[in-house]
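Colleague: Below you will find the structure I want to go over with you.
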Amino acid sequence: MTIDFDMSAMTLEQRATLTDYFTALDDMPTTTAAHTLAMPYKGRTPFLVPASTVAKQRPRFLDYPMIPTGTLTLIAGRAGVSKSTLSIYRAALATRGLLDGDWNGKPATVAISGIEDSQSMQRMRLEAAGADLERVRFLSMFDTSGDGNGTDTGVRIPDDLPALVDSLKSEGVRLWIIDPITSCMDGDSNKRDDVRRALDPLAALAADLDMAIVGILHFNKGGGYASDKISGSHAFRDVIRSLVLIAKDDDNGDCVATIDKSSYTTAQGMSYSYGLMSVDIEDDSGETFAVPKVTGFMKTERDVNEVINRNIQAANVEPAHAERGEVLEWLTDYLKDGPVAFKDIATAACAEGYSRRQLTNARERSDGRIITVPDPTYQGRGQKRLWTLADITATLARGGTERGSNHGSIQNPMIATSPNTSANTSALQAPARARETEQNTQDLGLFPEGEES
């Protein structure tokens, strides 16, 4: 049977299905085909596919049960909860063939379109995670002008997908991470039609190349059911076949990842916990820079909904014994010997029964007596700040000395050791070498994610 049929407006998946169908029709009796297919040659045309003609193939996984191939997966969470770090960790394992799934023992090639972080930063994170860098490609698009000069414009979905097919296929890319996916999408991410217009062709591309595509997405603020907090239209959840939610437990500092949607397995609701540790990576000039790395990835009974709502509840509950002004009085006394990192203040305050929220409120009610200043010894990414009393800062700026006898003389007038943390001075004087523990990654705020990471 020969039919002149225009498939240019169809997705890749629809084209493949229709092609298989027409092939099956050639083997059917003429009467069967005539009753099955009655279509005009122009315009929108219905077609019925006999189930018996559809090939059977089980879903395949690059990372079982989180990341199937041939479709889309979303990793979503609030900013700063390690969404990018987790995706890079799984990508690094894929390049070594270490993921549980159909490519276990078979190293896979990974493409990364990271919109908010530089390729240099992404390379260092991959190196910290132990990736085979020869199997990683940074994917973007160049717009070449008439004079031959190219501009990196980033990937635009769905406009650039036809141009990407040959490159992805020739490189044998098995995993493509888009971080964040909304930065690559045309249209309004809050409108269902715009989201479907971008993601349906992307899903068709994944199916056509039998690859896994992972998009990173942000949460909205507040409590409630975690998956309802995905930014943008609910069409995001409709199109994808796997959804992984992430939250950071404020109580112990670790992270929890929950499989909130799993169309191809019974793993919905399964959760994993992991910590973040700081790893020093040497750059090309010989200087070291601390980057985060996932550690201790394992199953857990906690889930993201529980973590998010407990965090919010804890943040909104203040200890009953604290009178107005009591926290401010304690904080003022604690800072009398000089600037201190907030994480050390919070640790000491917790022992006294005061919350981080109370500390922040106390500083806001101090009428400018308690301020924050940059840490002059910190050399990492971003900026670390210290809490201090304004009058001490003014005294030091005039060349004065530290008050109190807890610290003795110090070389840098803007740094003081926490009264309850004897090792703080050495940690501040050598920040790159001292960040050996998992907690430092989050407490210092070293790795903001454009998002996060």
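Colleague: Assess whether V291 counts as being within 24 Å of P59 (Cβ to Cβ) and modelled with pLDDT of 90 or more.
Modeller: no
Colleague: Looking only at the stretch 162-177, decide whether some residue is within 28 Å of N305 (Cα to Cα), among the aliphatic types (A, V, I, L, M), under 17 Å from the mean Cα position of the chain (by Cα) and part of a loop (DSSP other than H, G, I, E, B).
Modeller: no
Colleague: Checking S355 against (1) closer than 20 Å to D249 by Cβ; (2) in contact with a strand residue (DSSP E or B) (Cβ under 8 Å, 6 or more places away or on another chain); (3) in contact (Cβ under 8 Å) with a residue 40 or more places away in the chain, which single condition isn't satisfied?
Modeller: Only one criterion is unmet by S355, namely (2).
Colleague: Kindly indicate the residue of the stretch 291-305 that is touching a Phe, Trp or Tyr at 6+ places or on another chain (Cβ under 9 Å) and of a type outside the set (S, T, N, Q) and also most open to solvent (accessible area, probe 1.4 Å) among those meeting that condition.
Modeller: K299
Colleague: So is F236 part of a strand (DSSP E or B), of a type in the set (F, W, Y) and in contact (Cβ under 8 Å) with a residue 12 or more places away in the chain or not?
Modeller: Criteria not met by F236.
Colleague: Being free of Cβ contacts under 8 Å to residues at least 24 places away in the same chain, within 29 Å of the chain's Cα centre (by Cα) and open to solvent by less than 50 Å² (accessible area, probe 1.4 Å) narrows it down to one residue among G253, G275, G286; which is it?
Modeller: Among G253, G275, G286, only G286 is free of Cβ contacts under 8 Å to residues at least 24 places away in the same chain, within 29 Å of the chain's Cα centre (by Cα) and open to solvent by less than 50 Å² (accessible area, probe 1.4 Å).
Colleague: For the list (1) under 25 Å from N252 (Cα atoms); (2) in a helix (DSSP H, G or I), I need the number of the one condition that D391 fails.
Modeller: Unmet for D391, out of (1) under 25 Å from N252 (Cα atoms); (2) in a helix (DSSP H, G or I): (1).
Colleague: Another one. Is it true that V54 is among the β-branched types (V, I, T), open to solvent by 80 Å² or more (accessible area, probe 1.4 Å), out of contact with any Pro (no Cβ under 8 Å at 6 or more places or on another chain) and modelled with pLDDT of 90 or more?
Modeller: yes
Colleague: Another one. Go through the stretch 112-141 and report how many residues are within 21 Å of S285 (Cβ to Cβ), part of a loop (DSSP other than H, G, I, E, B) and among the small types (G, A, S).
Modeller: So the answer is 1.
The values are calculated or read from the model by the stated rules, or taken from the named source; none is laboratory data. Everything numeric in this text was worked out from a predicted model, so none of it was measured. Glycine gets a Cβ as well: all are built from the backbone with ideal geometry, and neighbour counts include every protein chain shown. In case anyone asks, the SASA skips ligands and DNA or RNA and just uses the protein heavy atoms, side chains included. Shrake-Rupley method; radii C 1.70, N 1.55, O 1.52, S 1.80 Å.
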